[in-house]
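Please read the structure below before turning to the comments.
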Amino acid sequence: MKLEEIRVCVLRVGGTNCDAETKRAFENLGVQAEILHINEVVKSQNLLEYQVLVFPGGFSYGDYVRAGVIWANWILAKLGKELKAFVEDDRPVFGICNGFQVLVEAGLLPGFEGLSQYPEAALATNLPPGYNCRWVYLKCENNGKCIFSGKIPKGKVLRVPVAHSEGRFIFTKEQEKKLLEKLYENDQLVFRYCDRTGEYAEGNYPMNPNGSFHDIAGICNSEGTIFGLMPHPERAFYWWQQPNWTRQKRMPQYGDGKLIFESLINYLEKKS
């Protein structure tokens, strides 16, 4: 697929943010990206005109009830058939922060057996409680299934910021061990929180900023085409977004977040 043929739909609703940064990141890599309010997509029924669907960060609908649940149920009610067709055609879906919460609430992630009628996991209130905005380190755990990590070697440590109040990834206690084993068996674990040397956070704050089970920061579905993570790669795309850019005389032109976007575009370019 040629770069100019790739079209990315970045959805927005009341309360979302970072949609402009996400659009700019994609455009920097030479593909078309549009920010569309969900009502526009429902009205035009044109979701399948796009190759990539993105749920950006923010606090959709004020995160009332719990984070992401209102938007998840709304989109299933209004665009359920189109979304199912999009996913079954193996078109990539990307959920960032609030978008990750939406994908979990909608049953698209973890997606052990495809789309689930009920959520199979949750992104719960941070421990310690409260809004957490800081730069964290992520270690790539994927062996190659996730199309969003294709250019990131296993074991590589990335530096990306988080900004959320409900990012603690959990399974039900009764199934914790079994479902974690499934993540590993299916190569669905993509990123874990760690320190700058790659040592796992082991639940320790602030390396693990929210108390996530097994330091989980990002996962993909069983096909590797649906990906969600709590940190914001679009906020770590350019050199001037780095927290230490004023203290370093020389910095790479881009930040670590670019690797995630590049991996996706590289996959699509190779796709016929």
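No lab work stands behind these numbers, since they all come straight from the coordinates. All figures in this text were calculated on a predicted structure; none of them were measured in a lab. Virtual Cβ from ideal backbone geometry, glycine too; neighbours counted across all protein chains shown.
Highest GNM mean-square fluctuation among HIS164, HIS232, HIS37, for the chain modelled with Cα contacts below 10 Å: HIS37.
Taking the DSSP bridge list for region 3-270 and keeping only pairs wholly inside it, about 60 percent are antiparallel.
Here is the link list: LYS23/LYS81; LYS84/LYS173; LYS2/LYS271. Which ones come out longer than 20 Å on Cα distance?
LYS23/LYS81; LYS84/LYS173
Would you look at the GNM of the chain, springs on alpha carbons closer than 10 Å, and say which of ARG159, ARG168, ARG196 moves the most? Maximum fluctuation in the GNM of the chain, among the listed residues, is at ARG196.
Between ALA20 and LYS84, the distance separating the two model label sites (each 7 Å from Cα on the Cα→Cβ line) works out to 3.8 nm.
Between PHE112 and ASN266, what is the FRET efficiency for a Förster distance of 41 Å, r being their Cβ-Cβ separation, to the nearest 0.05? Provide the component values of the computation, followed by the final result.
Numbers: r = 26 Å, r/R0 = 0.64.
Calculated transfer efficiency: 0.95.
Of the residues LEU76, LEU109, the one with the fewest other Cβ atoms within 10 Å heads the list, and the complete ranking is LEU76, LEU109. Does region 1-159 come out rounded, prolate or oblate, given a ≥ b ≥ c as the square roots of the eigenvalues of its C-alpha gyration tensor, rounded meaning a/c under 1.5 and, failing that, prolate meaning a/b above b/c? Rounded, since a/c falls under 1.5.
As a proxy for reagent exposure, ranking SER165, SER44, SER60 by other Cβ atoms within 10 Å from fewest up yields SER44, SER165, SER60. Between GLY107, VAL87, VAL52, the Cα set farthest toward the positive side of the dipole of region 48-115 (charges on each charged residue's Cβ, about the Cα centre) is that of GLY107.
Can you sort LEU29, LEU123 so the residue with the fewest Cβ neighbours within 10 Å comes first? Show your work: numbers first, answer last.
Details: LEU29 18, LEU123 29.
Listing LEU29, LEU123 from fewest to most nearby Cβ atoms yields LEU29, LEU123.
For the pair GLU181 and ARG247, label points projected 7 Å from Cα toward Cβ lie 4.5 nm apart.
Decide, for region 105-159, between rounded, prolate and oblate: order the square roots of the alpha carbon gyration tensor eigenvalues as a ≥ b ≥ c, take rounded if a/c falls under 1.5, and otherwise choose prolate if a/b is larger than b/c, else oblate.
Numbers: a/c = 3.17, a/b = 1.06, b/c = 2.99.
Taking the square roots of the gyration eigenvalues as a ≥ b ≥ c, region 105-159 is oblate.
In this label model, ARG134 and LYS173 are separated by 2.7 nm, measuring between points 7 Å along each Cα→Cβ vector. By the Cβ rule of 4.7 Å, the chain holds the following cysteines without a possible disulfide partner: CYS9, CYS18, CYS97, CYS133, CYS140, CYS194. Computed over the alpha-carbon atoms, region 1-55 gives an Rg to Rh ratio of 0.97, Rh here being the Kirkwood radius from the mean inverse distance.
When only the Cβ of Lys, Arg, Asp and Glu is charged (+1, +1, -1, -1), the dipole of region 82-146 relative to its Cα centre reaches about 380 debye. Taking the chain as a Gaussian network of alpha-carbon nodes connected by springs under 10 Å, the highest mean-square fluctuation of the residues LYS182, LYS249, LYS173 belongs to LYS249. When the Cα gyration tensor is reduced to axis lengths a ≥ b ≥ c, the ratio a/c is 1.5 or higher for region 149-217, and with a/b not above b/c it is classed as oblate.
Length gained on full extension, LYS151 to GLU27, computed as 0.36 nm times the residue gap minus the Cα-Cα distance: 42.8 nm.
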